[in-house]
Amino acid sequence: MKLLLSGAPVLLTVCLVCLSSAQMAPQKPEVPVEKWTGKTVVLIGAHADDDALSHGTLALLQAHGNQVYVITLTTGNVGTQDPKLSRLQLAEIRRQEELAALKDLGIPGDHYINLGYDDGLLEFEDRKAVIENLVRWIRKLRPDVLFAWDPGKVYQRWHKSDHRAAAYLSADAARAAMWRLLFEGQITQEGLKEWMIPEYMFYNDYDFQDENLWVDITGFVDQRVNAGAHYISQYGPGWKNYTPNPTEEQVKEMKARVRDNIRTRDGKPVEGFRYYRGLPDAIGK
Ligand SMILES: [Zn+2]
């Protein structure tokens, strides 16, 4: 009991130091994203197409000599209104669409990792197992930067199911990956090492006010548009009546839709993020 009591102030001091250093962490990258090179960048999303919100930035990073990986948690095997498609067919279609999109961004197919969970049910999966899975990939790839759904700043952010789960799973996996004694079998048996991701780019699918970083995607708009037009089963007529061979007119409509969704700032095409640098413990602070 004596030991516990005397240890308490020390623990408290350590926590306060962590907290204050995290809060003081600069919320701007030391080097602008447009100039990043030689970094390993990992994006975690719930579905094939969640990365589409960041396609301009991913194309830019890939072109500038960074290694870009996309980890998708579910196979996307549910989201269709076409009654003719089975789960298996849809999963295969979503995979091909994603690979085609990444190819347009210059990202190699073997940088696409799908963890195979069922679409729509991510928050009912065994959280420990999913986090262990993500931690393994984080320790393997050792990203300098993690792109993920924003779990929220100060308050929990509302997302639709799967995005909500992916936001927290990503943040929790980033935290777990840095602790040597968590999932230690990966370290003692698989030759991996603990890893702390230093920088984060949180994305969202609407104007979320917490954005503090705008990446200028001038020069990469066409790549984003071309990549986005591959998600035939997710948007446009293919959502209700899938066809692997859309008409020219349908492709034109798809491209126009992607182009219209690109935001501008000071007359330039941009993608907005909440940038965070520091300990994973303070991702939401
Ligand atoms: Zn999604």
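Structural remarks
- Applying a threshold of 9 Å to beta carbon distances and a minimum spacing of six or more residues, or different chains, the list of pairs starting in region 199-227 at a residue that is at pLDDT below 95 and acidic (Asp, Glu) and ending at one that is within 16 Å of the ligand (Cβ to nearest atom) and assigned to a helix (DSSP H, G or I) reads Asp205/Asp50; Asp205/Leu53; Asp205/His163.
- Qualifying residue in region 125-146 (condition: within 14 Å of the ligand (Cβ to nearest atom) and touching a residue at least 12 places away in the same chain (Cβ under 8 Å)): no
- Of all residues in region 36-67, those satisfying the criterion of being among the polar types (S, T, N, Q) and either at pLDDT below 95 or in contact with a strand residue (DSSP E or B) (Cβ under 6 Å, 6 or more places away or on another chain) (or both) are Thr40, Ser54, Thr57, Gln62, Asn66, Gln67.
- Scoring Ala101 on the criteria (1) in contact with a helix residue (DSSP H, G or I) (Cβ under 9 Å, 6 or more places away or on another chain); (2) within 15 Å of Ala52 (Cα to Cα); (3) within 13 Å of the ligand (Cβ to nearest atom) leaves a single failure, condition (3).
- Residue in region 16-30 that is in contact with an Asp or Glu (Cβ under 7 Å, 6 or more places away or on another chain), at pLDDT below 95 and of a type in the set (Gly, Ala, Ser) present: yes
- Applying the set (1) under 22 Å from Met201 (Cβ atoms); (2) within 16 Å of the ligand (Cβ to nearest atom) to Ala63 leaves exactly one unmet item: (2).
- Residue within region 75-92 that is outside any helix (DSSP H, G or I), within 16 Å of the ligand (Cβ to nearest atom), surrounded by 21 or more Cβ atoms within 10 Å (Cβ to Cβ) and at positive phi present: yes
- Identity of the residue in region 34-51, crowded, with 24+ Cβ neighbours inside 10 Å and in a helix (DSSP H, G or I), that ends up farthest from the ligand (Cβ to nearest atom): Asp51
- Number of positions in region 156-184 that are of a type in the set (A, V, I, L, M, F, W, C) and away from the ligand (no atom under 16 Å from the Cβ): 10
The values are calculated or read from the model by the stated rules, or taken from the named source; none is laboratory data. None of the values given here were measured: they were computed from a predicted structure. With ideal geometry, Cβ positions are generated from the backbone for all residues, glycine too; neighbour counts draw on all protein chains shown.
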